[in-house]
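Heads up, the thing below is written out as structure tokens.
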Amino acid sequence: MGIFSFLKRQKADRNADIQSDDTDANENPVSASEPALEQKMQRTRSRFTDNLLGFLRGKKAVDEELLEELEAQLIMADVGVAATARVIDSLRQKAKKDKLQDADAVRLVLRQELIDILQPVEQPLEIPDDIVPFVILVVGVNGAGKTTTIGKLAKQLQDGGKSVMLAAGDTFRAAAIEQLQAWGERNDVPVIAQDIGSDSASVIFDALQSAKARGIDVLIADTAGRLHTQSGLMDELRKVKRVLSKLDADAPHETLIVLDGGTGQNALSQAEQFNDAMALDGLVITKLDGTAKGGVVFAIAEKIGIPIRFIGVGEKVSDLEVFEASRFVDALVDEGSSEEVEA
Ligand SMILES: Nc1nc2c(ncn2[C@@H]2O[C@H](COP(=O)(O)OP(=O)(O)OP(=O)(O)O)[C@@H](O)[C@H]2O)c(=O)[nH]1
Ligand SMILES: [Mg+2]
């Protein structure tokens, strides 16, 4: 029995890029190869790293003063109190035990500590071939990047040979329905929609029926990010889940929240709130290519502990990357690559 793995596909694409760079870089100077993650995250990366590693660079002694400064920098980078305390405590212990000699040693320990925080939530989304249709319910507040993420997911699935259908479950705004329909038309993906103001649960229910009838592999349902009241929104989303489970006891197979990484601690409280109401399976943190501080990813990992499936690092289809702990940390704090990028 097969499995669709976003990670395997993305890794294969990355390798293909590297190979085509090697072979025809000269003959084909306009090679369409993907920029590295640290390049896509350049702005977030510099907000996270410049202060954090900048002050480490000049310092000689690894003393309490340095640790306190580092602590303040991590908090300012949105890493959050709990994750910061964990990093600093561990650095303090290692400084005593292993006699961390210089800032470089601190940086290496810091890198490993940051990876350790993220490792438990590195659990990429995989879609087993024998669950048809596999239903992904996408939730999150308005503007977080739900519809954009759905477009990227759908395209990656389609490019990987999966048939996809979308459900326009955001019935709160006419523009939301039209946005999804237009996208579906451009990409030859069927979109099930009803009029504005219709019942979101019934749109998504219809879509599941239709996807079943047509043998569609993956159904992705969009939802509203805002209603008149926030409690109304949660009730509505719970109803969607309930109604879907009437057609398929296991649906939705993945309830995915999309969080705007630029909103810092707000993203954290949204994850908590939606998780209480919805029992989330995974999250996507978007806009990490922008002015997000990046630290919020650690705060979310430490406090919420739900798998981070993807990160959004731009507007292109390939800018939805499977979340990999060490790759993400290196894109944030690896010094070597920073010099390469700046050169
Ligand atoms: N730079 C950047 N922009 C993004 C990313 N993801 C989404 N956006 C942008 O964020 C804005 C909002 O995205 P949408 O996908 O419409 O957000 P939504 O959650 O569907 O919002 P509502 O439909 O209003 O609830 C759009 O301008 C997107 O292009 C990302 O990873 N990076
Ligand atoms: Mg939307």
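Before moving on, here are some points about what is shown:
- Relative contact order (percent, whole number), the range 202-343, Cα cutoff 8 Å, 6+ residue spacing: 16 percent
- Within-15-Å neighbourhood charge of L280 [Cβ basis; K, R +1; D, E -1]: +1
- Spin-label pair Q112/D188, simplified geometry with 7 Å Cα→Cβ offset, distance in nm: 5.1 nm
- Sites A61 and D195, calculated FRET efficiency, Cβ-Cβ separation with R0 56 Å, nearest 0.05: 0.25
- Additional length obtainable on full extension of the chain from K97 to A85, 0.36 nm per residue less Cα span: 2.5 nm
- A DSSP coil position with no more than 15 other Cβ atoms inside 10 Å describes the following trypsin sites (Lys or Arg not before Pro) in the range 294-325: K316.
- With a Förster radius of 35 Å applied to the C-beta separation of Q19 and M76, the computed FRET efficiency comes to 0.30.
- Inter-part distance, the range 240-255 to the range 108-147, computed on C-alpha centroids, equals 19 Å.
- Computed label-point distance, nm, for sites D276 and R173 using a 7 Å Cα→Cβ extension: 2.6 nm
- Angle between the chain longest axis and helix 81-98 axis [Cα atoms, degrees, rounded to 10]: 30 degrees
- 0 to 90° range, to nearest 10: angle between helix 265-278 axis and the chain longest Cα axis: 40 degrees
- Maximal additional length on extending the S245-A105 stretch stands at 45.2 nm, based on 0.36 nm per residue less the C-alpha distance.
- Of the peptides 126-134, 141-149, the order by per-residue mean of other Cβ atoms within 10 Å, starting with the highest, comes out as 141-149, 126-134.
- Against the chain, whose longest principal axis comes from its Cα atoms, helix 174-187 is set at around 90 degrees.
- Rg(Cα) / (2.2 N^0.38 Å) computed for the chain, rounded to two decimals: 1.07
- Helix-only mean residue ellipticity at 222 nm for the chain, each DSSP H run of n ≥ 4 adding -39500 (n - 2.57), per residue, nearest 500: -17500 deg cm²/dmol
- Beta bridges per DSSP, both residues in the chain: antiparallel share near 20 percent.
- A Förster distance of 30 Å, applied to the separation of the beta-carbon atoms of K303 and R9, puts the FRET efficiency at 0.50.
- Rounded Å value of the spacing that divides the Cα centres of the range 161-190 and the range 297-318: 23 Å
Taken together, the values in this text are just the output of simple stated rules run on the coordinates, not laboratory data. Keep in mind that this is a model prediction, so the values were computed, not measured. Here Cβ is always computed from backbone atoms with ideal geometry, including for glycine, and neighbour counts include all displayed protein chains.
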